[in-house]
Amino acid sequence: MSVKEYEGEFTPAATHDEPEPAAHAYTYEEWKVEIFKLYPGSESRDRYTQNNLEKLIADFLSKGTPSRASFSQYHREFQKIVKWLADNSKMERSSEKEKFQRGIPLTLW
């Protein structure tokens, strides 16, 4: 923002150059719709399914003994999917531990 001096007073130039406010102010829902238009696919309600979680578990289990990095990646992905499923009433959080443990190879027990 630049500053202009008028008779000894400093005034931000933006106050003189601001456009008139829009005649129609958006409601939150209207604003959200406009934002989602900018990001196609982001409005999808079926971002994750139980199949996504089962595939993650099976893929991780099939890799054998994991490294620390791959185990951390599994944990992050698992938590992301489980949180989304629980937040969208697609899964009970009570089954989270059992599902997580199913992905851990027996060699680590």
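The values are calculated or read from the model by the stated rules, or taken from the named source; none is laboratory data. All values derive from a computational prediction rather than experimental measurement. Neighbour counts are summed over all protein chains in view; Cβ atoms, including those assigned to glycine, are modelled from backbone coordinates with ideal geometry. In case anyone asks, the SASA skips ligands and DNA or RNA and just uses the protein heavy atoms, side chains included. Shrake-Rupley method; radii C 1.70, N 1.55, O 1.52, S 1.80 Å.
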**Study point:** the stretch 45-69, subset within 27 Å of E29 (Cβ to Cβ) and charged (D, E, K, R), residue surrounded by the most Cβ atoms within 10 Å (Cβ to Cβ)
**Key:** R47
Practice item. Could you check, for the stretch 5-24, whether at least one of its residues is assigned to a loop (DSSP other than H, G, I, E, B), hydrophobic (A, V, I, L, M, F, W, C), modelled with pLDDT under 85 and open to solvent by 60 Å² or more (accessible area, probe 1.4 Å)? Key: yes
Study note, to complete from the structure: Residue set S89, S72, S42; condition at pLDDT below 95, exposed (fewer than 11 other Cβ atoms within 10 Å of the Cβ) and on the phi < 0 side of the Ramachandran plot; output residue S42
